[in-house]
Each structure stands twice: as structure tokens, then as C-alpha cells.
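For reference, the structure discussed in these notes is given below.
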Amino acid sequence: MPAMSEPPGGWASPTGDSPAPTFLPPPAQSWQTPPGWGQPRPAEPQPGVVPLRPLGLGELLDGAVTIIRRYPRPVLGMSAVLAIIATVLNVTLAETVFKPLINFDISSFENGGTGDTSQLDGALGGAAVGGIGSSLVSALATVLLTGVLTAIAGRGVLGKPM
């Protein structure tokens, strides 16, 4: 078999066909980003006071202040009304239930005296009942105010009128 010599241009077909095309790199192009990449993020939907996405602490506080500014009557008005009602109930409760404790005469127990302990028991029992009653009034006012403010904040975030 005769030795085949390499043609000057590179590899050639043994059958004499035209040489295989040589690989040429594509023409130099500048790199372009695919469509949609590198574009600014679209704005988050914000129908109300805060955007509808996970929020940071500053955005939460800003939203709370914005709700108070946008809806001052329902937020501050309901808070003031419930605080006044709870305070009046607590003061009334304190004046009626703690009265025996305030008027208690401790002089019969001073210097080892043997006074009537039923009066002391009644005063301390009234104080305990008054403390529990006052706590219940405050807890009820807090729960009621939390519910009202949650409804106001929910409407504010969605941009609905009150």
C-alpha cells in the first residue's frame, strides 16, 4: 500500500473528496445578557401602607406609623375610648373592693395585741378579689383593642377604606 502523504491544507479524504470543513470560531461578538436578566426588579404590589412581601423591622415600624397617620380616628380614638373605660372600671373596682383594706385598723394588732383576725381576712380576701378583677378588666380591654386594631391594620395593608 502506498504511503499517503498529508496534503498541505490538513487531512484529506482517502477517496479524493473535498476536504472536511475546518472549524472556525464564530465571529467575535460582545456578550449580551439574556432577555430579562439584569433588569431592575418590578415594584412589589403595594395596595396599602406596606408592600406585600416579607418585611424588615424598619418597614414594619414604618407601616405601623403610616397606619396611625392614615387612620387616626379609628386607631387613636378606639385606643383612648377603651383605655378610659378600663380605667374607670378599675378605679371603681378599687374604691369598692379595696375599701375594707384601706379602712383596716391595725392598732389592735400592734405590740402583740390579739385583735379580731376575721376583719383582716376579709380585707385581704377583698384585695385579692379586687386584684383579680382589675387584671381581668385590663386583659379584656387589651384583647378587644387588639382585635379592633388588627382589623384596622388588615384593611390598611390592603388599601381598603374604613
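The values are calculated or read from the model by the stated rules, or taken from the named source; none is laboratory data. Just so it is clear, the model here is predicted, and its values are computed rather than measured. In this analysis, Cβ positions are derived from the backbone assuming ideal geometry, glycine residues included, and neighbour counts consider all displayed protein chains. These accessible areas exclude ligands, DNA and RNA; they are computed on the full protein's heavy atoms, side chains included. Shrake-Rupley method; radii C 1.70, N 1.55, O 1.52, S 1.80 Å.
From the list V148, V157, V143, pick out the single residue that is surrounded by fewer than 13 Cβ atoms within 10 Å (Cβ to Cβ) and assigned to a helix (DSSP H, G or I).
On the way: V148 fails: surrounded by fewer than 13 Cβ atoms within 10 Å (Cβ to Cβ); V157 fails: surrounded by fewer than 13 Cβ atoms within 10 Å (Cβ to Cβ).
So the residue among V148, V157, V143 that is surrounded by fewer than 13 Cβ atoms within 10 Å (Cβ to Cβ) and assigned to a helix (DSSP H, G or I) is V143.
Output the number of residues of the range 70-80 satisfying the condition of being at pLDDT 95 or above and open to solvent by 70 Å² or more (accessible area, probe 1.4 Å).
1
Please list, ordered by first then second residue, the pairs with beta carbon atoms under 8 Å, 6 or more apart or interchain, first in the range 45-72 and among the basic types (K, R), second exposed (fewer than 11 other Cβ atoms within 10 Å of the Cβ).
R53/E44
Checking the structure you have, find out if any residue of the range 136-149 is more than 30 Å from V65 (Cβ to Cβ), under 36 Å from the mean Cα position of the chain (by Cα) and at pLDDT 90 or above.
We begin by selecting, within the range 136-149, every residue more than 30 Å from V65 (Cβ to Cβ); these are 136.
Narrowing the set further to residues that are under 36 Å from the mean Cα position of the chain (by Cα) leaves 136.
Now narrow it down to the ones that are at pLDDT 90 or above: 136.
Looking through the range 136-149, at least one residue is more than 30 Å from V65 (Cβ to Cβ), under 36 Å from the mean Cα position of the chain (by Cα) and at pLDDT 90 or above.
For the range 31-58, name all the residues that are small (G, A, S) and either exposed (fewer than 12 other Cβ atoms within 10 Å of the Cβ) or part of a helix (DSSP H, G or I) (or both). Reasoning before the result, please.
From the range 31-58, those small (G, A, S) are 36, 38, 43, 48, 56, 58; that's our starting set.
Within the range 31-58, G36, G38, A43, G56, G58 qualify.
So which of A94, A43, A86 ends up being over 25 Å from G130 (Cβ atoms), out of contact with any strand residue (DSSP E or B) (no Cβ under 9 Å at 6 or more places or on another chain) and of a type in the set (A, V, I, L, M, F, W, C)? Even if it seems obvious, please write down each step before you answer.
Numbers: A94 fails: over 25 Å from G130 (Cβ atoms); A86 fails: over 25 Å from G130 (Cβ atoms).
One residue alone meets the criteria, A43.
Regarding the range 4-14, can at least one residue be identified that is modelled with pLDDT of 85 or more and aliphatic (A, V, I, L, M)?
Within the range 4-14, the subset modelled with pLDDT of 85 or more is none.
Scanning the range 4-14, I find no residue that is modelled with pLDDT of 85 or more and aliphatic (A, V, I, L, M), so the answer is no.
Consider L61 carefully, then state whether it is modelled with pLDDT of 65 or more, under 30 Å from G156 (Cβ atoms), in a loop (DSSP other than H, G, I, E, B) and of a type in the set (A, V, I, L, M, F, W, C).
On the way: modelled with pLDDT of 65 or more: yes; under 30 Å from G156 (Cβ atoms): yes; in a loop (DSSP other than H, G, I, E, B): no; of a type in the set (A, V, I, L, M, F, W, C): yes.
Criteria not met by L61.
Restricting to the range 123-135, count the residues that are open to solvent by 40 Å² or more (accessible area, probe 1.4 Å) and either at pLDDT below 75 or more than 13 Å from I102 (Cα to Cα) (or both).
Of the residues in the range 123-135, 4 are open to solvent by 40 Å² or more (accessible area, probe 1.4 Å) and either at pLDDT below 75 or more than 13 Å from I102 (Cα to Cα) (or both).
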